[in-house]
1. With every protein chain left in place, what is the accessible area of Phe3 in Å² (1.4 Å probe, nearest 10)?
2. Just the number, please: carbon plus sulfur as a percent of the accessible area of the chain, 1.4 Å probe, no ligands or DNA/RNA counted.
3. Considering only protein heavy atoms, what per residue accessible area in square angstrom results for the chain with a 1.4 angstrom probe?
4. Once ligands and nucleic acids are excluded and a 1.4 Å probe is used, how much of Glu40 is accessible, expressed in Å² to the nearest 10?
5. Quick check: the angle from helix 12-56's long axis to the longest principal axis of the chain, C-alpha only, nearest 10 degrees?
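The values are calculated or read from the model by the stated rules, or taken from the named source; none is laboratory data. All values reported here derive from a predicted model rather than from experimental measurement. Each accessible area value is taken on the protein alone, full model and side chains, heavy atoms only, with ligands, DNA and RNA left out. Shrake-Rupley method; radii C 1.70, N 1.55, O 1.52, S 1.80 Å.
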Amino acid sequence: MSFFKAFLRDESGATLIEYGLVAALVSVAAIIALQVLGSELQVIFNTVTSYLASASGGPT
């Protein structure tokens, strides 16, 4: 019986669960931000690619 009481009072796993929830929240926020900014990032990368291509004398 004392094993079960000690098990119920043990909070060492709670910290791991909290870290997992924070990591999941950060992951969801990053996915949403990348989806929102995805098209804008594509335009920026295409612009940089064309600048680099023209600077190196390659095809645009």
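1. Result for Phe3: roughly 140 Å² accessible.
2. Values: 3960 of 5520 Å².
Here carbon and sulfur together make up 72 percent of the probe-accessible area.
3. 92 Å²
4. Counting only protein heavy atoms, the figure is 110 Å².
5. Taking the Cα atoms of the chain, the angle to 12-56 is about 0 degrees.
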